[in-house]
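Below: the structure, in structure tokens.
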Amino acid sequence: MNTLFITVGTSALKNDVGRAPDDRDNGALKAEIQRYFAAPQKDEQRWGRLRSDLIDAHTRYWHADSLFTNDPRNFLYTSAELTSTVFLVRSLQAKEPANVPKRSVLLSSDTPEGWLAAGINEFVLRELFPEIPVERRKVSGLDVRFSNTQAALKTVFDEYGIQDRDHVIINITGGFKGTIPFLSYFARAHAWELYFQHESQDSAVLLPFEKNGEPGEVKEYEPWKD
């Protein structure tokens, strides 16, 4: 099954969320986010109102005109995971329909804020692409210490039963950059592809690996646009 794995950071919480597209005052939302990061207890149920407000803010952004959402000057009003994933999937739908993912998996760090951010991205992606099942999956032990990261990632990948014939892309735009060496190892071992789009750019890089483990030709990738 074609699968898209998406590494998740906290840009869904830390970017200038809530201002766009109508330039509204997001001061109260930003203040609540600061309280969340300062709080000793970050249980998701305890912060349900914040989660709902953030989902509404990101959804409002993606319901704006495509000329607005396609402009890289506006990308910091939403999350890096959403910008990169939306452009990747829409480009595949338009140009490489055989490679469109049949499922998407958000790889969350083993932290409360990472899990919350993954849930926000999950909700918005489900609304934008209802035909592509999406879920968040916590990578056990994945935090700034990177303890047993390779084994934890292997456990996750094994759970999804990836076959050699499957087309797999890992969107490494968000999340801990320290995971990239581990993800590169799996991509090389299984001939998967790595996708990266800096959140200030409307172009991206796609690095494929061949079956013999050698890297393929790096492609300058122009994301989908209306």
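Tabulated data
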quantity	calculated
Angle in degrees between helix 149-159 and the longest Cα principal axis of the chain, rounded to the nearest 10	80 degrees
Dipole of the stretch 1-109 [Lys/Arg +1, Asp/Glu -1 at C-beta], most positive-end residue of PRO101, ASN26, ALA38	PRO101
At R0 = 22 Å, FRET efficiency that the Cβ-Cβ distance of SER147 and TYR185 yields, to 0.05	0.85
Charged-residue dipole, Cβ positions (Lys, Arg, Asp, Glu), the chain about Cα centre, Debye nearest 20	520 debye
Dipole of the stretch 72-226 [Lys/Arg +1, Asp/Glu -1 at C-beta], most positive-end residue of GLY114, ALA189, GLY216	GLY114
P(r) tail fraction, the chain - alpha-carbon pairs more than 31 Å apart, %	19 percent
Calculated FRET efficiency for the pair GLU214/ALA98, C-beta based, R₀ 30 Å, to 0.05	0.85
Out-of-range pairs (alpha-carbon distance over 27 Å; input LYS102/LYS219; LYS102/LYS154; LYS30/LYS154; LYS30/LYS102; LYS154/LYS177; LYS42/LYS177)	LYS30/LYS154; LYS30/LYS102
R0 of 22 Å, Cβ-Cβ distance ARG46-GLU159: FRET efficiency to nearest 0.05	0.15
Helix 27-38 axis, angle to the chain major axis (alpha carbon atoms, nearest 10°)	60 degrees
Degrees between helix 80-95 axis and first principal axis of the chain (Cα, 0 to 90, nearest 10)	50 degrees
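Read the figures in this text as sums done on the coordinates, not as results from a lab. Note that the coordinates shown come from a computational prediction; the quantities given were computed from them, not determined experimentally. Glycine gets a Cβ as well: all are built from the backbone with ideal geometry, and neighbour counts include every protein chain shown.
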